[in-house]
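The values are calculated or read from the model by the stated rules, or taken from the named source; none is laboratory data. Keep in mind that this is a model prediction, so the values were computed, not measured. Glycine gets a Cβ as well: all are built from the backbone with ideal geometry, and neighbour counts include every protein chain shown. The area values use the complete protein model at the heavy-atom level, side chains included, leaving out ligands, DNA and RNA. Shrake-Rupley method; radii C 1.70, N 1.55, O 1.52, S 1.80 Å.
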Amino acid sequence: MKIHGKHYRSVWPIGEDAFGIIDQTKLPHEFATLTLRNAEAAAHAIVTMQTRGAPLIGAVAAYGLALAMREDGSDESLSKIHDMLAETRPTAINLRWALKRMCDALRNRPRAERAALAWREAAAIADEDVAMSQAIGMNGLKIIREIAARKLGQKLNILTHCNAGWLATVDYGTALAPIYLAHDEGTELHVWVDETRPRNQGASLTAFELGGHGVAHTILADNAGGHYMQQGEVDMVIVGTDRVTANGDVANKIGTYLKALAAKDNDVPFYVALPSSTIDWTIAEGRDIPIEERSADEVLKMTGRMADGTVAIMDIAAPGSGAANPGFDVTPARLVTGLITERGTCAATPEGLRSLFPKE
Ligand code: MRU
């Protein structure tokens, strides 16, 4: 993705002893990058959500583990760093998927080779994520074309929740990748962007991305999507996901489930876009997905730019009120029209998933 005319990925190597990320806590008010030099810095960036999005935190964790191998390539270090990074966030399975892949690639290799091997494996994870996002984009584009064709030249309205664009992956995105391609080939489209309280990934990140790419969009209060669906103002929904279970249930940013219910009630197609690294074959149903409980402060406070240009954090509730803050919810497979993957689109069923991934 281009920022101020320069191509960026969301994570990139710097030599062989550091890597870079975009500090997403500063967006959209400031575009700042960070250089991470060890696994602890990678863990900190994931915990504080300087870097976020299911596929991206997998790639960042992989680079973090690779840096640790330069300091100490022993089995003990590998296990310790694996566990430290795996504990940073519980819901997105891509994090564990990437760390397992790193450990599988390193475990039976000589200690002296591990640092170089780990760096290459982290780069491969990042490159493959880009390729998967591109393929998801092409597969989702076919669906957008079909729905757009039924509109007979009228503008297509797509609703999305949270941020599943290039900032959530290494490049291109999952839910947003087909939207970018459709826009680029001239489809007249407009995106309803759920603000996505409490951290506002929609308002802060998705709107920033879409605006940068020249895609028409409007930010919605999270509660407004159902109303626009009733008004016939939403032609389809596309969201990303942090974990899909073997039966097709979908964990995604809190509030996704309510959009899926509203979409079902209004016959609006509800698609979920994901790379196969997001599928957790070990869990049968969504009820067993661990849901991250985040700080009450995310609900009780807001961050924004003041009239004088400074960025400030302010209280939005009376002192003394508590807040609950589950980061994700589970959308049952029955509410999902289709899963858009790098191998094609399938039904959100065990058979649908197996038809695309028979060997998993
Ligand atoms: O808490 P976040 O911002 O990491 O949550 C991100 C999401 O829920 C995304 O929709 C999901 O990771 C899919 S990203 C391609």
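Rolling a 1.4 Å probe over the protein heavy atoms of the range 138-356, with every protein chain left in place, gives an accessible area that is 51 percent carbon and sulfur. Taking θ as phi - 60° and the Karplus parameters 6.51, -1.76 and 1.60, the scalar couplings of the range 351-360 work out to 5, x, 5, 5, 5, 9, 10, x, 9, 6 Hz in sequence order, x denoting glycine and proline. Looking at the chain alone, DSSP beta bridges between its own residues are antiparallel in about 55 percent of cases. Cβ-Cβ distance of ASN108 and GLU185, R₀ of 45 Å, FRET efficiency by 1/(1 + (r/R0)^6): the value works out to about 0.45. Here ALA224 and HIS4 are evaluated by their C-beta separation; at R0 = 30 Å the FRET efficiency comes out at 0.40. Each residue of the range 65-81 was assigned a 3J(HN,Hα) from its phi angle through the Karplus curve 6.51 cos²θ - 1.76 cosθ + 1.60 (θ = phi - 60°); the sequence is 5, 4, 5, 4, 5, 6, 7, 7, x, 6, 4, 4, 5, 4, 5, 5, 5 Hz, with glycine and proline shown as x. Scalar couplings 3J(HN,Hα) for the range 286-301, obtained by applying the Karplus form with A = 6.51, B = -1.76, C = 1.60 to θ = phi - 60°, are x, 5, 8, 6, x, 9, 5, 9, 9, 4, 4, 4, 5, 8, 7, 10 Hz; x denotes Gly and Pro. Could you tell me which of rounded, prolate or oblate describes the chain, using a ≥ b ≥ c as the square roots of the eigenvalues of the alpha-carbon gyration tensor, with rounded for a/c under 1.5 and, failing that, prolate when a/b is larger than b/c and oblate otherwise? Cα axes put the chain in the prolate bin. Between SER79 and MET138, the modelled labels are 4.3 nm apart [label points 7 Å from Cα along Cα→Cβ]. With a ≥ b ≥ c taken as the square roots of the eigenvalues of the C-alpha gyration tensor of the range 221-320, please select rounded if a/c is under 1.5 and otherwise prolate if a/b is larger than b/c or oblate if it is not? Verdict is oblate for the range 221-320.
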